[in-house]
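J.: Once you've had a glance at the structure underneath, I'll fire off some questions.
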Amino acid sequence: MADLSGMATDPEPSATSSDEATSTMSSEEASVKENSIEEAAEQILGSDYALCRVPRHARYSWPSMALEQMAQGGCIANVVLGAEIGHKMTSTDALLAVLLGNLILALMGLVLGMIGCREGMTTSMLGRWTGLGVVGTGLLSLITTGSLFGWFGIQAAIAGDGLEAIGRLGYAWTWTLANGALVTFVVVFGFRWMVGASWITGPIFLVVVIWACVVALQDSGHKKHDLELSELSLLHGTGIVVGGWVVGTTIASDVFRFARSKRQAASLVALPRSCSLAVYMVAGVLLAQAYGTDDVITIMHESVGLGAVVVVVAGEMVINCTNIYSAMPDLFRKYFYVSMKRLQDQPLILLLSQGAKHRAGRRSSSRRRTCCCNCDGGDNMVVAAGIGSCGSGGSSSRVRISISTSRRRMSRRSRGWKY
């Protein structure tokens with residue numbers, strides 16, 4: 001009887017093991033399916049490495065970075081800034097103010113760009129490990145986010161008002177919203193799409209601005225408007241130039257972390273970035289003194305006609321993308337303090353920038369990722385004020401040690417480059 005009872009109870013463990021095997025297989029299939037979805041999303045959206053170093057194979061060539069920097073300097077607000085200086089200062093003082101201001105910005109950008117290239121990390125992540133700490137980096141994120149959002153609104157408003165004034169195509173606020181939505185759509189796909197946009201908008205904006213300057217200088221109907229005495233002092237004009245770009249220079253690491261070497265970063269600051277800033281400011285000075293006004297939209301409309309539409313749209317695309325690209329992650333991390341993954345960061349840029357309500361919840365994933373502290377990372381990353389830390393409870397000393405280790409490991413990698 002004992003044997004029969006033992007035989008009767010034998011099938012129960014086998015049934016249990018079968019259920020366990022079935023559940024294991026189903027969980028593995030679900031994990032594989034979720035990983036495949038994530039990989040497809042990463043191929044579409046790309047990964048901008050917000051919480052870790054940019055690997056060597058994900059960095060960009062000099063022409064791509066140069067066009068991106070040139071398109072940043074080629075914004076309509078930069079021409080407006082030059083026109084404001086040229087309208088209130090003599091030609092000599094205005095040119096000196098542009099030269100001195102860009103020299104100061106170049107020195108700042110040179111240092112911060114080389115640091116960002118070497119470390120391959122965003123400004124907020126760098127601030128966390130260079131002495132600012134959690135509170136200091138939170139304050140820095142708050143200040144830069146407010147400034148960048150302000151410039152985003154200014155650029156979108158300039159574009160909306162310009163399109164309404166030139167084309168008479170409806171209300172300005174509708175064009176402002178449409179322009180902001182277009183910029184946000186580009187930012188959703190990350191730095192890769194920003195570089196692609198710069199290949200189109202940068203050269204077009206340069207050609208149209210040169211065209212407007214040539215027309216203004218050749219038009220005999222306009223008398224050159226040059227003040228005998230500047231309304232602004234040289235220091236005041238220099239301060240206007242520096243103040244217009246000091247925040248954009250402070251967050252230079254967000255862009256220059258994609259540079260391949262410190263030499264490349266230095267050349268990008270010295271040539272396309274500084275030269276484009278100076279050239280477009282000088283163009284604004286010349287236009288303001290040729291037409292006797294600092295209303296750039298009116299000047300462009302009179303000189304190039306409907307080509308001014310190209311100036312308005314192309315002249316703020318890349319710089320406004322940079323504004324929201326650097327501002328939105330810091331704002332989200334500062335005020336919502338949620339656990340999220342890097343792939344969730346990009347769609348939230350679209351939702352939050354348009355004032356949409358935050359959708360709570362997070363997804364879990366079994367695929368291992370790499371973060372700054374060498375943990376499983378990415379899946380259970382707690383982010384606040386631009387600071388990334390893993391949920392494994394790693395100490396700060398461990399993170400600092402792993403940063404040095406990852407730097408050595410990254411320098412030994414050699415894979416294909418992005419273009």
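J.: Go through the residues of the stretch 256-271 one by one and say whether even a single one is of a type in the set (D, E, K, R), crowded, with 23+ Cβ neighbours inside 10 Å and touching a residue at least 40 places away in the same chain (Cβ under 8 Å). It would help to see each step written out before you state the result.
T.: Of the stretch 256-271, the ones of a type in the set (D, E, K, R) are 257, 260, 262-263.
Next, from what is left, pick out any that are crowded, with 23+ Cβ neighbours inside 10 Å: 257.
When the remaining residues are screened for being touching a residue at least 40 places away in the same chain (Cβ under 8 Å), the result is 257.
Yes, the stretch 256-271 contains at least one residue that is of a type in the set (D, E, K, R), crowded, with 23+ Cβ neighbours inside 10 Å and touching a residue at least 40 places away in the same chain (Cβ under 8 Å).
J.: Here's another thing I want to ask about it. Taking the stated definitions as given, is Pro329 in contact with a strand residue (DSSP E or B) (Cβ under 9 Å, 6 or more places away or on another chain) and at pLDDT below 95? Break it down into steps so the answer makes sense when it comes.
T.: On the way: in contact with a strand residue (DSSP E or B) (Cβ under 9 Å, 6 or more places away or on another chain): yes; at pLDDT below 95: yes.
In short, yes.
J.: Does the stretch 101-132 hold any residues that are more than 16 Å from the chain's Cα centre (by Cα), more than 22 Å from Gly237 (Cβ to Cβ) and touching a residue at least 60 places away in the same chain (Cβ under 8 Å), and which are they? Outline the logic, then answer.
T.: Applying the first criterion (more than 16 Å from the chain's Cα centre (by Cα)) to the stretch 101-132 yields 101-108, 110-111, 114-115, 118-119, 127-132.
Within this subset, residues satisfying the condition of being more than 22 Å from Gly237 (Cβ to Cβ) are 110-111, 114-115, 118-119, 127-132.
Correct list: Leu110, Met114, Ile115, Arg118, Glu119, Gly127, Arg128, Trp129.
J.: Looking for something charged (D, E, K, R) and either modelled with pLDDT of 85 or more or within 23 Å of Val98 (Cα to Cα) (or both) - is there at least one such residue anywhere in the stretch 163-175? I'd like the intermediate steps shown before the answer.
T.: To start, the set of residues in the stretch 163-175 that are charged (D, E, K, R) comprises 164, 168.
Okay, now just the ones that are also either modelled with pLDDT of 85 or more or within 23 Å of Val98 (Cα to Cα) (or both), so none.
Checking the stretch 163-175: not a single residue is charged (D, E, K, R) and either modelled with pLDDT of 85 or more or within 23 Å of Val98 (Cα to Cα) (or both).
J.: From (1) within 24 Å of Leu67 (Cα to Cα); (2) at pLDDT 95 or above; (3) of a type outside the set (Lys, Arg); (4) part of a helix (DSSP H, G or I), pick out the condition that doesn't hold for Ala259.
T.: (4)
J.: So for the stretch 302-314 (the condition being farther than 19 Å from Gly116 by Cα, among the acidic types (Asp, Glu) and in contact with a helix residue (DSSP H, G or I) (Cβ under 8 Å, 6 or more places away or on another chain)), does at least one residue qualify?
T.: yes
J.: Taking the stretch 43-76 only, how many residues are at pLDDT 90 or above and β-branched (Val, Ile, Thr)?
T.: The total comes to 1.
The values are calculated or read from the model by the stated rules, or taken from the named source; none is laboratory data. Everything numeric here is computed off the predicted structure, so don't read it as measured data. Counting neighbours? That spans all protein chains shown, and the Cβs are built from the backbone with ideal geometry, glycine included.
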